[in-house]
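The values are calculated or read from the model by the stated rules, or taken from the named source; none is laboratory data. None of the values given here were measured: they were computed from a predicted structure. All Cβ positions, glycine included, derive from the backbone under ideal geometry; neighbour counts span all protein chains shown. Areas reflect the complete protein model, heavy atoms only, side chains present, ligands, DNA and RNA absent. Shrake-Rupley method; radii C 1.70, N 1.55, O 1.52, S 1.80 Å.
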Amino acid sequence: MKSRQDTLIFRSTLGIGRGVSAASRAFRVPDSPNPTQAPKHMEETTLPNLESYGTQPDMGPLGTIIMLGYVVVIVLVVAGMWKMFSKAGEPGWAAIIPIYNVIVYMKIAGKPIWWFILMFIPCVGIVFWIIASMGVAKNFGKPEGWGIGMGLLPFTFLPTLGFSDAKFIG
């Protein structure tokens, strides 16, 4: 509890005179009836549970099934691309190296290697990927429609091409 002396010292450091003005009454801290009890505005409040903040909801077995399906598709695409690269006389391990696999893909398609830079440009990259896929399909003796399918649905057409009996003729 503040004494009258402390209040006067406090008020004098703020430049407030000895008289009690409206401003000093507005800034005066009310005395608490019990000095060991915190004022009402400082009482303990309930905080939200921060342990789960920013986490995704648990999807249970459905989430596990979806993730396993996704992993299976990725493995099939990589295996199909690996086989396709091997058929074209390129190293199969190139299928798992980012950027380098696109460079090898351009070589198999018979396109300039610098086209891999175009893959980073939105919209333009898709167009050039489809054109390169058409070149890959042609070099494996497949029709142009197959190349468009490889460009738009590589998760279906790459494993099919890799595991088929198609020969590299390019």
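Some points to look at:
- On the stretch given as segment 61-93, residues that are under 16 Å from Lys167 (Cβ atoms) and not in a helix (DSSP H, G or I) total 3.
- When Ile117 is tested against (1) part of a helix (DSSP H, G or I); (2) closer than 18 Å to Gly80 by Cβ; (3) modelled with pLDDT under 95, only condition (2) is not met.
- Scanning segment 120-166 for residues that are open to solvent by less than 50 Å² (accessible area, probe 1.4 Å) and in a loop (DSSP other than H, G, I, E, B) yields Phe140, Ser164, Ala166.
- Qualifying residue in segment 117-138 (condition: under 20 Å from Asp165 (Cβ atoms) and in contact (Cβ under 8 Å) with a residue 60 or more places away in the chain): no
- Output for segment 65-89, where each listed residue is open to solvent by 80 Å² or more (accessible area, probe 1.4 Å) and of a type outside the set (A, V, I, L, M): Tyr70, Trp82, Lys83
- Of the residues making up segment 56-89, just one is more than 15 Å from Phe168 (Cβ to Cβ) and touching a Leu at 6+ places or on another chain (Cβ under 6 Å), namely Val77.
- Leading residue by the ranking (nearest to Ile103 (Cα to Cα)) among those in segment 139-168 that are touching a residue at least 40 places away in the same chain (Cβ under 8 Å) and of a type in the set (Gly, Ala, Ser): Gly162
- Selection of segment 90-119 for residues being over 20 Å from Val77 (Cβ atoms), hydrophobic (A, V, I, L, M, F, W, C) and either touching a Leu at 6+ places or on another chain (Cβ under 9 Å) or open to solvent by 50 Å² or more (accessible area, probe 1.4 Å) (or both) yields Ile113, Trp114, Ile117.
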